[in-house]
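What follows is a short report on a single structure.
The values are calculated or read from the model by the stated rules, or taken from the named source; none is laboratory data. All values derive from a computational prediction rather than experimental measurement. Note that we place each Cβ from the backbone using ideal geometry, even for glycine, and neighbour counts take in every protein chain shown. Note: accessible area is taken over every heavy atom of the protein model, side chains too, but ligands, DNA and RNA are not part of it. Shrake-Rupley method; radii C 1.70, N 1.55, O 1.52, S 1.80 Å.
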Number of protein chains: 2
Amino acid sequence: MSELAGKTIAVLGGTGPQGRGLARRFAQAGLSVVIGGRGAEKAEATAAELVEATGGKVTGAANPDAAAAADVVLVVVPWDGHKELLESLKDVLAGKIVVDCVNPLGFDKQGPFALKVEEGSATEQAAAILTESTVVGAFHNVSAALLEDPELSSIDTDVFVLGDERDATDLVQELAASIPGVRGVWGGRRRNAHQVEALTANLIAMNRRYKTHAGVKATGV
Amino acid sequence: MSELAGKTIAVLGGTGPQGRGLARRFAQAGLSVVIGGRGAEKAEATAAELVEATGGKVTGAANPDAAAAADVVLVVVPWDGHKELLESLKDVLAGKIVVDCVNPLGFDKQGPFALKVEEGSATEQAAAILTESTVVGAFHNVSAALLEDPELSSIDTDVFVLGDERDATDLVQELAASIPGVRGVWGGRRRNAHQVEALTANLIAMNRRYKTHAGVKATGV
């Protein structure tokens, strides 16, 4: 864990299941984690729960303070509000690696579907706003239920890491691999992030059909 | 192979690497295959090669005749020409199961990328044209190089089958599973086909980075 050593990871939206699950796994891996939330209080409460559950280094703060405290900032907020949050944090995120984990999805009677995004994807929207940050897309397809399952010591899945800057994508691959069982695999440039985000709709549909928590792996890699 | 037994499979565009590779595997599985091509002559030549290679039941014909001869018709043509071909075959494909395998991709100096499709995806375009057929999307992410490799007896990959009609998607899952090593997994409705088609751009990018022929598998299914 050479490049990751000593780095602090913020998880904006870390009070929701997906962010909380990722924070739990990073804390278990010995990383310093800051949970970001809309309010400091709920973030601090989530952090306290994760300290108790993992014995790791987890603190909580309001999203802007969490972002300021970290080297690598994961964005795990609902799609509704993604743009506004990133616009409000543009300055504090300058110079940092920002990992967008957001899936723009809709749901109706026929189940999940991918939303159209003007910029192409959540990751590209983040890159368009955060022109002073290095934006990577990752952690789109990992089940929150598996991340949060305290009985599950290892998760059999790949994390596709999308980005154009090799140092940053290498670091995020290493971050993914800090979770036992998980591989971080470079999955293409940011302009190919949409389909990885949208694939989560397929996985949710498969979850319903097969009564499971589906993930994806690349074969041959 | 209960539902598949006795069925004839046409592979339109079966003279190209992807279609030829699928036809080879279906022939090896003992299925009756008709290679479709723009001209009968090249399709017949490809069929003769596959008979020699596999000892299977493979014939060749021009695309409309191949479509007419089959119960299940795979469309494995270049995206450029997809719409026109299907419009020209609308009547002959009526009442049949049509499996769209086409990936609308572009390539530039930065590698592969997904093209925008007015109907959402190649599969949805096919369904919009072929209103009297049952349209399923599948076989998007299987490497032609692996399909065509005579040394490779088994291919470690899943085929995501996209469709709204259970009988048809079940049959196509069975068709996928006729290739040793391959699982056919229902991957969602047609409206979620785009991201599975587009994911091929990511796999091609990964092939270049990792010097491999990448595929995908669902975990937890």
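Things worth noting here:
- Restricting the range B:37-71 to residues that are out of contact with any helix residue (DSSP H, G or I) (no Cβ under 9 Å at 6 or more places or on another chain) and open to solvent by less than 10 Å² (accessible area, probe 1.4 Å), the residue that is nearest to B:L93 (Cα to Cα): B:A67
- Filter pass, B:V159 being in contact with a helix residue (DSSP H, G or I) (Cβ under 9 Å, 6 or more places away or on another chain) and not acidic (D, E): yes
- Only one entry in B:F160, B:F139 is part of a strand (DSSP E or B) and under 13 Å from the mean Cα position of the chain (by Cα), namely B:F160.
- Selection within the range B:1-24: residues that are over 18 Å from B:R38 (Cα atoms) and polar (S, T, N, Q). The member of this set that is farthest from the chain's Cα centre (by Cα) is B:S2.
- Extreme residue, most open to solvent (accessible area, probe 1.4 Å), among residues of the range B:197-221 that are in contact with a helix residue (DSSP H, G or I) (Cβ under 7 Å, 6 or more places away or on another chain) and over 22 Å from A:V182 (Cβ atoms): B:H213
- Among (1) assigned to a helix (DSSP H, G or I); (2) more than 15 Å from the chain's Cα centre (by Cα); (3) over 26 Å from B:T54 (Cβ atoms); (4) not polar (S, T, N, Q) - the single one B:D170 does not satisfy: (3)
- Residue satisfying all of: in the range A:112-131; within 13 Å of chain B (Cβ to nearest Cβ) and touching a residue at least 40 places away in the same chain (Cβ under 8 Å); surrounded by the most Cβ atoms within 10 Å (Cβ to Cβ) among these: A:T123
- Qualifying residue in the range A:178-189 (condition: closer than 21 Å to B:K211 by Cβ, facing chain B (nearest Cβ under 8 Å) and open to solvent by 40 Å² or more (accessible area, probe 1.4 Å)): yes
- Scan of the range B:112-136 for residues that are closer than 30 Å to B:L50 by Cα and part of a loop (DSSP other than H, G, I, E, B), ordered by number: B:L130, B:S133
Matching residues to (1) under 27 Å from B:F113 (Cα atoms); (2) within 8 Å of chain A (Cβ to nearest Cβ); (3) without any contact (Cβ under 8 Å) to a residue 40 or more places away in the chain:
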{"site": "B:A145", "(1), (2), (3)": "yes, no, no"}
{"site": "B:E148", "(1), (2), (3)": "yes, no, no"}
{"site": "B:I155", "(1), (2), (3)": "yes, no, no"}
{"site": "B:V161", "(1), (2), (3)": "yes, no, yes"}
{"site": "B:E174", "(1), (2), (3)": "no, no, no"}
{"site": "B:I204", "(1), (2), (3)": "yes, no, no"}
{"site": "B:K211", "(1), (2), (3)": "yes, no, yes"}
{"site": "B:A214", "(1), (2), (3)": "yes, yes, no"}
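- Only one entry of A:T54, A:T59 meets the criterion of being hydroxyl-bearing (S, T, Y) and closer than 14 Å to A:L147 by Cβ, and that entry is A:T54.
- If you go through the range B:87-111 and keep only what is crowded, with 20+ Cβ neighbours inside 10 Å and assigned to a loop (DSSP other than H, G, I, E, B), you end up with B:L89, B:L93, B:K96, B:C101, B:V102, B:N103, B:P104.
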